[in-house]
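Asker: Just passing along the structure, written as structure tokens.
The values are calculated or read from the model by the stated rules, or taken from the named source; none is laboratory data. Treat the numbers as computed from the prediction; the structure is a model and nothing was measured. Cβ: placed from backbone, ideal geometry, glycine included. Neighbour counts: every protein chain shown.
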Amino acid sequence: MKKSLFLVLALVLVLSLTLAACANNAAPPASSGGGTTTTETPAATPSDDGLKKVGLIVCHMTDEWTVGSYTLMQEEAASRGYEIVMFADSEWDLKKEAESLDTLLPMDLDMLVIQPVDENATGTNVQPFIDKGVPVLAIGITLINDGKAGFVGWDTFGSGYMIGEDCVEYIEGELGGKANVAILSYPVENTLNRQAGFEAALNDSGNDITYVSDQNFEGSRETAVVIIENIIQAGTEFDVVWAAFTSGGLGARTALEAANSNARVWCCGGYGEELFDIFISQDPWYMADYVVFPRVYVDTIFGAMDEWFVYEKPLGDVYSPFPVMNQRNYKELLGL
């Protein structure tokens, strides 16, 4: 009897082990598509890795500086604790910018970072994000929306003033304190502030300054060439050209060289191999520019973002450091 009971129990144990082995070796459930078999697992979400989700919109990627800066920002985002869930280039088009904002608005963003097309219109268009509680950080160009968005850029009036001070040294040292000035302007807020700073430095100097021309070069190097050529052909005497940013300065330089003019160029905002080569070659026409290096600019942007998330401080205006580059200091700034 005991022997029979032992055999029954042994048989039950063997059957149990066999069934368990069969269950473990069973094929996974087939996919609904009937193709390769898969196991269903929860889809990963961007927040699973702890990265803050950021929408990044810029208004242009048209030069070495913008490409370098915003490419670097995307490349380093993850190592800084962020995920760029969408990157868009508005190409200076308010409609494209609005479409990108519409795409981003339903997303669960932790922050919107935007280089505005227009300080007023973009300021209005980002309001729905602010209403949702999404921090908005403007880069390069401020937003006019009652101070509800933060800003990372540079002191535009201050940068213009610094370039103006460099120009004043030349006016006093080479021109006897008297100069006729031609302005290549670009009528948006930040560049108008640069112009105001430049003119303030010249006017504060007490020198004899006459502004003989103020024309919008429309951001075009070719237009800048034409404007300066026309001033020269009209017989207007001028000693100084100021340009709102590098394309205007380089265009002016081209026209001055072609005419073998004694006028000189000062500019407010430049970067890139062509500009650096001008200083390295001791070019006689291009005197000074202020330079924002992409590495410094991107570090400043991420620093402002960190301040909000890590230190839980409200966003404010954050200025990226910038030096004035001229023929006296270019070696130091370029590490030559």
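Asker: For region 227-336, which fully contained helices (runs of 4 or more DSSP H) count at least 1 residues that are crowded, with 23+ Cβ neighbours inside 10 Å and charged (D, E, K, R)?
Answerer: Output list reads 246-259.
Asker: Among the residues in region 203-216, are any crowded, with 22+ Cβ neighbours inside 10 Å, within 32 Å of the chain's Cα centre (by Cα) and either in contact (Cβ under 8 Å) with a residue 40 or more places away in the chain or outside any strand (DSSP E or B) (or both)?
Answerer: No: zero hits.
Asker: So how many residues does region 232-273 have that are of a type outside the set (A, V, I, L, M) and under 30 Å from VAL67 (Cα atoms)?
Answerer: The total comes to 19.
Asker: If you take the residues of region 166-188 that are of a type in the set (Val, Ile, Thr) and part of a helix (DSSP H, G or I), which of them is surrounded by the most Cβ atoms within 10 Å (Cβ to Cβ)?
Answerer: Of region 166-188, the ones of a type in the set (Val, Ile, Thr) are 168, 171, 181, 183, 188.
If we keep only those that are part of a helix (DSSP H, G or I) too, we end up with 168, 171.
On the way: VAL168: 19, ILE171: 22.
Only one residue fits best here, namely ILE171.
Residue-by-condition table, conditions (1) touching a strand residue (DSSP E or B) at 6+ places or on another chain (Cβ under 7 Å); (2) in the same structural domain as GLN215 (by TED's automatic domain parsing); (3) under 20 Å from SER247 (Cβ atoms); (4) not basic (Lys, Arg):
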residue: GLY140; (1), (2), (3), (4): yes, no, yes, yes
residue: GLU165; (1), (2), (3), (4): no, yes, no, yes
residue: ILE171; (1), (2), (3), (4): yes, yes, no, yes
residue: GLU174; (1), (2), (3), (4): no, yes, no, yes
residue: SER185; (1), (2), (3), (4): yes, yes, yes, yes
residue: VAL188; (1), (2), (3), (4): no, yes, yes, yes
residue: GLN195; (1), (2), (3), (4): yes, yes, yes, yes
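Asker: Can you tell me how many residues in region 51-66 are within 16 Å of PRO116 (Cα to Cα) and either in a helix (DSSP H, G or I) or in contact with a Lys or Arg (Cβ under 7 Å, 6 or more places away or on another chain) (or both)?
Answerer: 1
Asker: In the set LEU101, LEU72, LEU112, which member is assigned to a strand (DSSP E or B) and either modelled with pLDDT of 95 or more or in contact with a helix residue (DSSP H, G or I) (Cβ under 9 Å, 6 or more places away or on another chain) (or both)?
Answerer: LEU112
Asker: Next up: Just the residues that are within 23 Å of TRP308 (Cβ to Cβ) and among the aliphatic types (A, V, I, L, M), please, taken from region 70-97.
Answerer: Listed by number, the residues that qualify are LEU72, MET73, ALA77, ALA78, ILE84, VAL85, MET86, ALA88.
Rundown of residues vs (1) of a type outside the set (Phe, Trp, Tyr); (2) closer than 23 Å to VAL318 by Cβ, yes/no style:
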position: LYS53; (1), (2): yes, yes
position: CYS59; (1), (2): yes, yes
position: GLU64; (1), (2): yes, no
position: THR71; (1), (2): yes, yes
position: ALA88; (1), (2): yes, yes
position: TRP92; (1), (2): no, no
position: ALA98; (1), (2): yes, no
position: LEU101; (1), (2): yes, yes
position: VAL113; (1), (2): yes, yes
